[in-house]
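Take a look at the structure set out below.
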Amino acid sequence: QVQLVESGGGLVQAGGSLRLSCAASGRSDRLYRMAWFRQPPGQDREFVAAMWLYGTADYAKSVRGRFTISRDNAKNTVSLQMNSLKPEDTAVYYCAGTYTRSGNIRADYPYWGQGTQVTVSS
């Protein structure tokens, strides 16, 4: 079984930055694809960014150019650097992972963290 634990959320003013991290444990082989999703208040969970085991990242249009996903395969972690934050980025952010070739929808990911709150004030 895989466990994912997020950290790094918090409160920040618009225009500020935050860095989220997610640590995976429970299996020795690395997750093939790791992703970040977010769920704004009263809305569905949506894709933010994802990265394959060896490079190639995908981003939602709303965060492209502001957010950067990265992986440290040695430490089995994935991070999300969030810059130029906007109030509409306010959400619970979830780390997700899969061992299969997958896309960017929630159903593609069997493993999820508990979520971390990010609040951007205007």
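The values are calculated or read from the model by the stated rules, or taken from the named source; none is laboratory data. On a predicted model such as this, the values are computed, not experimentally measured, just so you know. No Cβ is skipped: glycine too gets one built from the backbone with ideal geometry, and neighbour counts run over all protein chains shown. For the accessible areas, the whole protein counts, side chains as well, though only heavy atoms, and no ligand, DNA or RNA atoms are used. Shrake-Rupley method; radii C 1.70, N 1.55, O 1.52, S 1.80 Å.
So residue 26 fits all but one of (1) closer than 17 Å to residue 120 by Cα; (2) surrounded by fewer than 22 Cβ atoms within 10 Å (Cβ to Cβ); what number is the exception?
(1)
Could you identify the single residue in 85, 20 that is of a type outside the set (Lys, Arg) and assigned to a loop (DSSP other than H, G, I, E, B)?
Step by step, each of 85, 20 is checked, and only 85 is of a type outside the set (Lys, Arg) and assigned to a loop (DSSP other than H, G, I, E, B).
Of the numbered conditions (1) in a strand (DSSP E or B); (2) open to solvent by 60 Å² or more (accessible area, probe 1.4 Å); (3) more than 26 Å from residue 14 (Cβ to Cβ), residue 51 satisfies every one except a single condition; which is it?
Checking residue 51 against (1) in a strand (DSSP E or B); (2) open to solvent by 60 Å² or more (accessible area, probe 1.4 Å); (3) more than 26 Å from residue 14 (Cβ to Cβ), the one that fails is (2).
Any idea which of 38, 71 is assigned to a strand (DSSP E or B), closer than 19 Å to residue 98 by Cβ, open to solvent by less than 40 Å² (accessible area, probe 1.4 Å) and basic (Lys, Arg)?
38 is the lone residue from the list that is assigned to a strand (DSSP E or B), closer than 19 Å to residue 98 by Cβ, open to solvent by less than 40 Å² (accessible area, probe 1.4 Å) and basic (Lys, Arg).
Could you check the range 74-108 and list, in sequence order, the residues that are surrounded by fewer than 17 Cβ atoms within 10 Å (Cβ to Cβ) and more than 14 Å from residue 35 (Cα to Cα)?
The answer is 74, 75, 83, 84, 86, 87, 88.
The conditions are (1) modelled with pLDDT of 95 or more; (2) more than 14 Å from residue 113 (Cβ to Cβ); (3) open to solvent by less than 60 Å² (accessible area, probe 1.4 Å); (4) out of contact with any helix residue (DSSP H, G or I) (no Cβ under 7 Å at 6 or more places or on another chain), and residue 14 fails exactly one of them. Which is it?
(4)
Considering every residue within the range 109-121, establish whether at least one is of a type in the set (S, T, N, Q), open to solvent by less than 30 Å² (accessible area, probe 1.4 Å) and within 12 Å of the chain's Cα centre (by Cα).
Taking every residue of the range 109-121 in turn, at least one turns out to be of a type in the set (S, T, N, Q), open to solvent by less than 30 Å² (accessible area, probe 1.4 Å) and within 12 Å of the chain's Cα centre (by Cα).
In the range 1-11, what residues are over 16 Å from residue 102 (Cβ atoms) and either open to solvent by less than 30 Å² (accessible area, probe 1.4 Å) or of a type in the set (Phe, Trp, Tyr) (or both)?
Across the range 1-11, the qualifying residues are 6, 10.
Can you tell me which residue in the range 54-66 is most open to solvent (accessible area, probe 1.4 Å), limited to those that are part of a strand (DSSP E or B) and without any contact (Cβ under 8 Å) to a residue 24 or more places away in the chain?
In the first step, residues of the range 54-66 are kept if they are part of a strand (DSSP E or B); the result is 55-59, 64.
Within this subset, residues satisfying the condition of being without any contact (Cβ under 8 Å) to a residue 24 or more places away in the chain are 55-57, 59, 64.
Numbers: 55: 26, 56: 94, 57: 39, 59: 52, 64: 145 Å².
Checking each candidate, the answer is 64.
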